[in-house]
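Read the structure below first, then the notes.
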Amino acid sequence: MTQVPPSETPAPDPTWKFLTGLAAENTEDTGERPKIKVLHRGESETVIRLAFRAGQTMPEHTAAHPIVVLGQRGRIDFTVGGVTSDLAPGTAIRVDARVTHDLVARTDATATLIVVHGR
């Protein structure tokens, strides 16, 4: 197997895509909300980077589709169903569609949001 640096990865066929920058920091002044960047939009899922500065929030909201949120760096309080979990590197939370949840960054932090919208 030949390993190729991500910046030199050839253009993929439609069956796969190599994603980078999942843990990138928020170095901009984005006010009270995190910097949000769509990294991939596919037929069955959308992958989004949420880059927080300490204290930034995503107040109570719902998603139209099921989601999975993966901790990449830092610490985020993720509250769903009245329970607050510590979203940290190496952890993830899955939430059904239309379930209220909120996020508060305890430190500078980055998470990957995967919206599963099916085909």
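The values are calculated or read from the model by the stated rules, or taken from the named source; none is laboratory data. Keep in mind it's a predicted model, so treat the numbers as computed, not measured. As a convention, Cβ positions derive from the backbone with ideal geometry for all residues, glycine included, and neighbour counts pool all protein chains shown.
Okay, residues lined up against (1) in contact with a Lys or Arg (Cβ under 7 Å, 6 or more places away or on another chain); (2) β-branched (V, I, T):
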residue: L19; (1), (2): no, no
residue: R33; (1), (2): no, no
residue: V38; (1), (2): no, yes
residue: P89; (1), (2): yes, no
residue: D102; (1), (2): no, no
residue: D108; (1), (2): yes, no
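Evaluate region 40-48: report whether one residue or more is surrounded by 13 or more Cβ atoms within 10 Å (Cβ to Cβ), of a type outside the set (A, V, I, L, M) and out of contact with any strand residue (DSSP E or B) (no Cβ under 8 Å at 6 or more places or on another chain). No, region 40-48 contains no residue that is surrounded by 13 or more Cβ atoms within 10 Å (Cβ to Cβ), of a type outside the set (A, V, I, L, M) and out of contact with any strand residue (DSSP E or B) (no Cβ under 8 Å at 6 or more places or on another chain).
In the set (1) surrounded by fewer than 11 Cβ atoms within 10 Å (Cβ to Cβ); (2) at pLDDT 95 or above; (3) of a type outside the set (G, A, S); (4) closer than 19 Å to T110 by Cα, V83 fails one condition alone, (4).
The residues on offer are V68, V99, and the sole one that is surrounded by 14 or more Cβ atoms within 10 Å (Cβ to Cβ), farther than 19 Å from E32 by Cα and hydrophobic (A, V, I, L, M, F, W, C) is V68. Counting only strands (runs of 3 or more DSSP E) that fall entirely inside region 25-109 and contain at least 1 residues that are more than 30 Å from P14 (Cβ to Cβ) and free of Cβ contacts under 8 Å to residues at least 24 places away in the same chain, the qualifying elements are 76-80, 83-87.
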